[in-house]
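Remarks on the structure that follows.
Every read-out reported here was derived from the displayed coordinates using simple, explicitly stated rules and does not represent laboratory data. What you are looking at is a predicted structure, and each value in this text was computed from that prediction instead of being measured. Don't worry about glycine lacking a Cβ; one is built from the backbone with ideal geometry, like all the others, and counts go over all protein chains shown.
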Amino acid sequence: MSALLDGLSWVCLLAGGAFCVVGAVGMLRMPDLFTRMHAASVVDTLGAGLILFGLLLQAPSWQVGAKLAVIMVLLVFTSPAATHALAKAAVARGLKPQLDKTGDESSSS
Amino acid sequence: MLYAISSALTLFGFWLLLSGYFTPFLLSAGAGCAIAVAAFGRRMAVIDREGHPVHLTGRAFIFWPWLAKEIVKSTWDVSRIIVNPRLPISPNLVRVRTSQKTPEGVVTFANSITLTPGTISIDVSEKEILVHALTREGAEGLASGDMDRRVTRFEGFS
């Protein structure tokens with residue numbers, strides 16, 4: 001049972017780490033602030049989520065596990081608020097997102 | 001009053017979790033602090049439907065798993081776009097109408113949009129949300145209104 005849990009935990013930790021790397025690569029490859037924020041949100045949803053879940057399976061006591069769960073809930077509530085604040089601040093300061101030009105029908109603003 | 005009691009209980013639970021000691025003195029100190037903080041919050045009128053939406057707890061356990069599934073799906077899509085050598089993005093802005101009736105419902109919808117990779121809510125008003133989407137497909141998926149309907153159901157009036 002503990003070997004199974006260990007294995008699952010390792011899979012989650014490795015997958016979470018892989019998503020963090022992918023998010024970081026995305027931050028470098030994307031052309032502007034808004035598209036970079038999409039890449040960053042890969043890190044703080046599945047990246048952080050899988051790492052926390054992997055750690056949760058390794059938790060030595062229920063208290064440590066519950067604290068990790070609380071961290072996860074906290075991330076889920078705070079990260080969209082921070083992302084939204086960043087995007088809104090960028091728009092308020094006049095930064096225009098680069099939009100796709102190929103067939104624009106919905107780019108109204 | 002119900003909201004004050006429930007936030008006192010939540011605060012006490014959080015206190016217990018962080019302390020981890022179960023001696024009578026520390027338990028009563030924690031209870032005292034939790035009640036005091038809830039009373040201050042009530043006096044400052046920050047504990048209400050909007051500030052502590054405990055009435056949504058039950059339906060959250062229907063909505064959150066669905067949201068988690070959506071997050072996993074769209075994270076996978078965005079990851080594939082990032083590792084694709086051609087970087088096939090088609091960023092665009094789209095206005096999404098909201099059908100929620102309460103501020104906390106609209107906030108839940110906007111946060112759900114931001115939380116799913118590939119879409120970010122930029123500007124939120126009562127009637128619509130301005131969304132930046134990484135791909136045209138992402139914008140179309142949002143415009144189909146599935147998430148909007150589910151958040152409204154989560155809100156509990158329909």
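Full extension of the chain segment joining A:Leu28 with A:Leu5 gains 4.8 nm, where the gain is 0.36 nm per residue of separation less the Cα-Cα distance. The coefficient of translational diffusion for the protein assembly as shown, derived via Stokes-Einstein from the alpha carbon Kirkwood radius under 10 °C and 1.306 mPa s, stands at 78 µm²/s.
Which value at 222 nm does chain B reach when only helices count, each DSSP H run of 4 or more adding -39,500 (n - 2.57), with the total divided by all residues and rounded to the nearest 500 deg cm²/dmol? List each step's numbers first, then the result.
Working: 6 runs with 96 residues, N = 158.
Mean residue ellipticity at 222 nm (helix-derived): -20000 deg cm²/dmol.
Judged by the mean number of other Cβ atoms found within 10 Å, the most tightly packed of the peptides B:83-91, B:46-54 leads the ranking B:46-54, B:83-91. Rounded to the nearest 20 debye, the dipole magnitude of segment B:60-148 is 200 debye, with +1 charges on Lys and Arg beta carbons, -1 on Asp and Glu beta carbons, and the Cα centre as origin. Within segment B:84-111, whose backbone N sits under 13 Å from a point 7 Å along Cα→Cβ of B:Leu56? Under cut-off, by backbone N: B:100-111. Computed from the Cβ-Cβ distance with R0 of 25 Å, the FRET efficiency linking B:Lys73 to B:Phe14 stands at 0.20. Summing +1 for each Lys or Arg and -1 for each Asp or Glu among the other residues whose beta-carbon sits under 12 angstrom from that of A:Thr35 gives 0.
To make sure I understand, if each residue's beta carbon is the centre and we count other beta carbons within 10 Å, what order do B:Phe61, B:Phe109 fall in, fewest to most? The partial results should precede the final answer.
Details: B:Phe61 8, B:Phe109 24.
So the ranking, lowest neighbour count to highest, is B:Phe61, B:Phe109.
Only helices reaching 24 angstrom along their own axis (Cα) with mean Kyte-Doolittle hydropathy no lower than 0.0 count here, and for the DSSP H runs of chain A these are A:2-29, A:62-92. When each full DSSP H helix of chain B is screened for a Cα extent of at least 20 Å along its own axis and an average Kyte-Doolittle hydropathy of at least -0.5, the helices passing are B:2-19, B:24-43, B:57-83.
For segment B:101-150 and segment B:36-72, what is the separation of their C-alpha centers, rounded to whole Å? So the separation of the two Cα centres works out to 19 Å.
Mind checking the mean number of beta-carbon atoms from other chains within 10 Å of the Cβ atoms in A:33-45?
Numbers: counts 1, 7, 8, 0, 5, 16, 7, 2, 12, 11, 2, 2, 9.
The per-residue average across the peptide is 6.
Among the residues of B:110-120, the average count of other protein chain beta-carbon atoms within 10 Å of the residue beta-carbon is 6.
Suppose the chain between B:Ile5 and B:Tyr21 were pulled fully straight at 0.36 nm per residue; how much longer would it get relative to their current alpha carbon spacing?
Working: separation 16, 0.36 × 16 = 5.76 nm, distance 2.29 nm.
Gain on stretching B:Ile5 to B:Tyr21: 3.5 nm.
Mean per-residue shielding of peptide B:76-86 is 5, counting Cβ atoms of other chains within 10 Å of each Cβ.
How high is the FRET efficiency from B:Ala39 to B:Val83, r the C-beta distance, R0 45 Å, rounded to 0.05?
Working: r = 53 Å, r/R0 = 1.17.
Calculated value: 0.30.
For segment A:1-53, what percent of Cα pairs sit more than 18 Å apart? Could the numbers behind the result be given before it?
On the way: 534 of 1378 pairs.
Every Cα pair in segment A:1-53 considered, those over 18 Å come to 39 percent.
Among A:Phe77, A:Phe19, A:Phe34, the largest mean-square fluctuation in a Gaussian network model of chain A, built with springs joining Cα atoms closer than 10 Å, belongs to A:Phe77. Think of each Lys and Arg Cβ as +1 and each Asp and Glu Cβ as -1; about the Cα centre, that makes the dipole of the protein assembly as shown roughly 180 debye.
Based on the Cα gyration tensor of chain A, what are the three equivalent ellipsoid semi-axes, each the root of five times an eigenvalue, rounded to whole Å and given largest first? Before the final figure, lay out the partial values.
Details: eigenvalues 254, 53, 18 Å².
Ellipsoid half-lengths, sorted descending, are 36, 16, 9 Å.
For B:Lys127, a cut-off of 27 angstrom between C-alpha atoms picks up these lysines, skipping any fewer than 8 places away in its own chain: A:Lys88, A:Lys96, B:Lys69, B:Lys101.
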